[in-house]
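Data block below; observations after.
Every number in this text was worked out from the coordinates using simple rules, so none of it is lab data. The structure presented is a predicted model; accordingly, all values stated were derived computationally and were not measured.
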Amino acid sequence: MASLGGGLIPAIQSLALVLTKDEKHEPGRVFGALSMVQALGSQIVGPAVFGAIYINTVATFPRTIFIVVTAATTIGLMLLLLIRLDPGHSGDSETAHQET
């Protein structure tokens, strides 16, 4: 199941790069922030939250952790689907400047 999410981080980074392509220093700041959030989420916050949920529910309803993970993934996907690019935004800014 984890192999299905293997392209998630590169896809988010690609989207962030497209959204900040016209700014000179913004891509570096965005990638720095994304790396910090990813490190905090995967190494500190995630294990603590999911470990606490598992410890507190394993005796009463062992499948709770799977329900929580499914809900978190669904909410994250829904939030990602809310991102919209400007229809006039070109992926190649040099081509757009040469046409004018």
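From the phi of every residue in segment 62-67, what ³J(HN,Hα) in whole Hz does the Karplus formula 6.51 cos²θ - 1.76 cosθ + 1.60 yield, where θ is phi - 60° and glycine or proline is x?
x, 7, 4, 4, 6, 5
Along segment 11-27, what does the Karplus equation 6.51 cos²θ - 1.76 cosθ + 1.60 (θ = phi - 60°) give for ³J(HN,Hα), rounded to whole Hz, x for Gly and Pro?
5, 5, 5, 5, 4, 5, 5, 5, 5, 10, 5, 7, 8, 6, 9, 5, x
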